[in-house]
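See below for the structure under consideration.
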Ligand code: NA7
């Protein structure tokens, strides 16, 4: 139940895919007084900030957009198989115009703190423009990968050249002409940006800590026929995206590695390699769950790397991969390994020769000094929890989110945190989030949150928060789901928080698959929100004190839904 004396019914933080749709859902469907607070000067979230050369989505364009509106799908035309950052940004601007969102977005405004007032059932949200705004519901739509990880390497402040993190790239771009560039990091971002930087830089040195798999993206322009066929089959694509475990437009093949001969297997991998893209991991259903099966895919890709890279020293460093394929986020690329065949591109193995310091003129490892004009940090993010913690949220009774999550994030369904009433997190920790095609996961969360708020209004509920016991049970289920896969077996994975010194090692996203997750969320809503503690406008409270009632999907065996993450 919203308070009329509050500044807003709902404040949403972030104007990316999530915040934009949440604004539309609350303002235009429920009639709430809702606003978005956005630090950037425009909409786009991740795609507003990540302007580095080569930035492109790894999801195919026709699947990387809003599906809640046929009109948006029919009016937009993608130009390439994978959308590049400028095209996604144009798309999100188109959606903002089409839905008339901009009038309710405060740009150039960063949330610096939020405090819950238990008496008034209100959030007080502070901004860097000096305002304090009150709201009944606070919705964090801050994205999973928006808190940059800039490693604490001694000497960075002494560096006399320029340095950039890929996620905070200058709007006008960076001119690498004639420059010696050092790039640290070979995750999805580093693998996209190295070939693009090499195109114009005088010299590129890639500093690799963990060798990584990559499958060719096989990007290409889309033609009229594709667009036409897509528009005629929108319901098919919508069903497909909502019924696959990771929200991608491909299904996991119904066969195991051991079901085929070695020769057939080779042919399957070759065909998938030629086709390109993330569906490489979906050609067998046991790649994500069985080490032996996985080794066949891992070995295939390592052999491809060795075939591609002509210098045996570089090939050895690149193919020396220490984890199962897909157990860390699997990148796709456009000529990444080929880039190392250029005479002006070098590769440094940081496992063998770690960085000691950054000097005034470059990077010094235990073995050599590399003179550089520019350093590019493609070093990733304090993922999922980082952007939420940066909001400086204080919940009921003065408990901060940082305190509540000291031993790792706790939530019910990745949607609400015990002790933080009326705060919702879109694609928060404990939800499928980064293991899926994000817009699909976002739409499901936005719609669930809108449904929950509508229910609160209908039932005169003033405040709602996750129960401790529900969060406990959910945490166990998130762990079980991860343990049914190979995902938690990589000790240096950012899915476990391992890339950030001091971050608790907890498997963060939910690996049980989107359909199962959606069924659980729907069942919780249909049963009147068990697992949540509520307080009505008369001050009467309700809690699920005797554990959770049976929830569809919670109990089904996890191996029924192997992840092709
Ligand atoms: P990632 O996947 O976290 O990759 C970051 C890379 O930076 C990775 O190779 C890291 O090595 C490396 N890194 C991080 N810190 C250091 C230090 N201190 N020294 C050397 N190397 C370091 O981030 P991305 O931006 O590539 O991708 C994130 C997501 O964006 C991706 O999953 C897509 O969803 C889009 P490590 O592997 O930790 O040894």
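Of all residues in the stretch 275-320, those that are closer than 24 Å to residue 207 by Cα, outside any helix (DSSP H, G or I) and within 16 Å of the ligand (Cβ to nearest atom) total 1. Can you find a residue that is under 23 Å from the mean Cα position of the chain (by Cα), in contact (Cβ under 8 Å) with a residue 12 or more places away in the chain and surrounded by fewer than 20 Cβ atoms within 10 Å (Cβ to Cβ) anywhere in the stretch 333-355? Yes, there is a match, as at least one residue in the stretch 333-355 is under 23 Å from the mean Cα position of the chain (by Cα), in contact (Cβ under 8 Å) with a residue 12 or more places away in the chain and surrounded by fewer than 20 Cβ atoms within 10 Å (Cβ to Cβ).
To keep it simple, each residue is scored yes or no on (1) within 14 Å of the ligand (Cβ to nearest atom); (2) assigned to a helix (DSSP H, G or I).
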{"residue": "322", "(1), (2)": "yes, no"}
{"residue": "351", "(1), (2)": "yes, no"}
{"residue": "357", "(1), (2)": "yes, no"}
{"residue": "391", "(1), (2)": "no, no"}
{"residue": "397", "(1), (2)": "no, yes"}
{"residue": "406", "(1), (2)": "no, no"}
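All conditions in (1) closer than 22 Å to residue 387 by Cβ; (2) touching a residue at least 60 places away in the same chain (Cβ under 8 Å); (3) within 21 Å of the chain's Cα centre (by Cα); (4) surrounded by fewer than 22 Cβ atoms within 10 Å (Cβ to Cβ) hold for residue 498, with the sole exception of (2).
Whether a residue is away from the ligand (no atom under 13 Å from the Cβ) and in a loop (DSSP other than H, G, I, E, B) was assessed, and residue 218 passes this test.
Screening residue 379 with (1) within 11 Å of the ligand (Cβ to nearest atom); (2) not in a loop (DSSP other than H, G, I, E, B) gives one miss only, at (2).
The single condition among (1) touching a residue at least 24 places away in the same chain (Cβ under 8 Å); (2) part of a loop (DSSP other than H, G, I, E, B); (3) more than 16 Å from residue 81 (Cα to Cα) that residue 250 does not satisfy is (3).
Here 284, 280 are screened, and the one residue that is surrounded by 21 or more Cβ atoms within 10 Å (Cβ to Cβ) and touching a strand residue (DSSP E or B) at 6+ places or on another chain (Cβ under 7 Å) is 280. The test for being without any contact (Cβ under 8 Å) to a residue 60 or more places away in the chain, more than 30 Å from residue 344 (Cβ to Cβ) and not in a helix (DSSP H, G or I) holds for residue 419.
Would the stretch 311-329 turn up any residue that is touching a strand residue (DSSP E or B) at 6+ places or on another chain (Cβ under 7 Å) and surrounded by fewer than 19 Cβ atoms within 10 Å (Cβ to Cβ)? Among the residues of the stretch 311-329, not one is touching a strand residue (DSSP E or B) at 6+ places or on another chain (Cβ under 7 Å) and surrounded by fewer than 19 Cβ atoms within 10 Å (Cβ to Cβ), which makes the answer no. Strands (runs of 3 or more DSSP E) fully within the stretch 109-214 that include at least 1 residues being farther than 30 Å from residue 541 by Cβ, within 16 Å of the ligand (Cβ to nearest atom) and in contact with a strand residue (DSSP E or B) (Cβ under 8 Å, 6 or more places away or on another chain): 162-165, 180-184, 203-208.
Restricting 42, 54 to residues that are assigned to a loop (DSSP other than H, G, I, E, B), within 16 Å of the ligand (Cβ to nearest atom), within 24 Å of residue 386 (Cβ to Cβ) and modelled with pLDDT of 95 or more narrows the list to 54. Within the option set 442, 449, being under 20 Å from residue 135 (Cβ atoms) and assigned by TED's automatic domain parsing to the domain that holds residue 121 holds for one residue only, 449.
Among the candidates 533, 518, which residue alone is part of a strand (DSSP E or B), in contact (Cβ under 8 Å) with a residue 24 or more places away in the chain and buried (at least 16 other Cβ atoms within 10 Å of the Cβ)? Testing whether each residue is part of a strand (DSSP E or B), in contact (Cβ under 8 Å) with a residue 24 or more places away in the chain and buried (at least 16 other Cβ atoms within 10 Å of the Cβ) leaves just 533. Say whether the condition of being surrounded by 18 or more Cβ atoms within 10 Å (Cβ to Cβ) and at negative phi is met by at least one residue in the stretch 232-240. No, the stretch 232-240 has no match at all.
Screening residue 75 on (1) within 25 Å of residue 230 (Cβ to Cβ); (2) in contact (Cβ under 8 Å) with a residue 60 or more places away in the chain shows it passes everything except condition (2). Put simply, of 152, 175 the only residue that is touching a helix residue (DSSP H, G or I) at 6+ places or on another chain (Cβ under 9 Å), outside the structural domain of residue 436 (by TED's automatic domain parsing) and surrounded by fewer than 16 Cβ atoms within 10 Å (Cβ to Cβ) is 175.
Taking the stretch 467-496 as the range and being outside any helix (DSSP H, G or I) and away from the ligand (no atom under 11 Å from the Cβ) as the test, the residues that pass are 467, 484, 485, 486. Among the residues of the stretch 441-458, is any within 14 Å of the ligand (Cβ to nearest atom) and either free of Cβ contacts under 8 Å to residues at least 12 places away in the same chain or within 21 Å of residue 383 (Cβ to Cβ) (or both)? Yes, that holds for at least one residue.
The values are calculated or read from the model by the stated rules, or taken from the named source; none is laboratory data. Keep in mind it's a predicted model, so treat the numbers as computed, not measured. Cβ atoms come from the backbone with ideal geometry, glycine included; neighbour counts cover every protein chain shown.
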